[in-house]
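Following: one structure in structure tokens, then a few remarks.
The values are calculated or read from the model by the stated rules, or taken from the named source; none is laboratory data. Keep in mind it's a predicted model, so treat the numbers as computed, not measured. Methodologically, a virtual Cβ is constructed for each residue, glycine included, from the backbone with ideal geometry; neighbour enumeration extends over all protein chains shown. The accessibility values were calculated without ligands, DNA or RNA, using every heavy atom of the protein model including side chains. Shrake-Rupley method; radii C 1.70, N 1.55, O 1.52, S 1.80 Å.
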Amino acid sequence: MAKGMVGKTVTSLGDYLKEQRVQSKLTLRQLSEAAGVSNPYLSQIERGLRKPSADVLQQIAKALRISAEQLYIRAGILSPEDGVGGSVELAILNDSGLTERQKQSLLDVYSSFLALNRDEESAEES
């Protein structure tokens, strides 16, 4: 993912999180306590300065009582075209036996395989 795209995705995620927090009538401090995330870190996520891990997004989603998958899509971890339920990405993200780094590595490898297959299909069609 290009660096400019990451920044846009994170800002979109931050705006969405802030909107959800305000709709839930929670202060930043209340959400940070409910999610188990530090207040400054949550503030940085909302302002688009940090890209949170899948685990942090899951904690925030639980505290806001919203879908973690929606946050994964907004953060650019999942693609909306992948669909929800049964996707490889969700299986990786929900595997508690993997570390964050391992999850990200598996997601990167999976994405590269999909891209390679798309490139090969395009080449065959030409």
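Sequentially through region 29-45, phi angles give Karplus couplings (6.51, -1.76, 1.60; θ = phi - 60°) of 5, 5, 5, 4, 5, 5, 8, x, 10, 5, 4, x, 5, 5, 4, 5, 5 Hz, Gly and Pro residues having no value and appearing as x. Taking the accessible area of region 52-126, probe 1.4 Å, and keeping the other protein chains in place, the carbon and sulfur fraction comes to 50%. Positive-end ranking of Ser24, Ser12, Ile77 along the dipole of the chain, with charges on Cβ about the Cα centre, is headed by Ser24.
Averaging the sequence gap over all C-alpha pairs within less than 8 Å and six or more residues apart, then dividing by the number of residues, gives the chain a relative contact order of 22 percent. In the chain, helices alone account for a calculated mean residue ellipticity at 222 nm of -22000 deg cm²/dmol, with every DSSP H run of four or more residues adding -39,500 (n - 2.57).
Using equal-weight Cα scatterers in the Debye expression, the normalised intensity of region 36-126 in log10 at q = 0.16, 0.21, 0.23 Å⁻¹ is -0.72, -1.09, -1.23.
Between Ser112 and Lys25, the modelled labels are 5.0 nm apart [label points 7 Å from Cα along Cα→Cβ].
Cross-link candidates for Lys62: which aspartates and glutamates have Cα within less than 14 Å, leaving aside residues fewer than 8 places away along the same chain? Within the straight-line limit of under 14 Å, Lys62 reaches these aspartates and glutamates: Glu33.
Going through region 47-126, which trypsin sites (Lys or Arg not before Pro) have at most 12 other Cβ atoms within 10 Å and a DSSP loop state?
Those satisfying the criteria are Arg65.
Accessible area per residue for the chain in Å², computed with a 1.4 Å probe and the full protein assembly in place, what is it? Dividing the accessible area of the chain by its residue count gives 63 Å².
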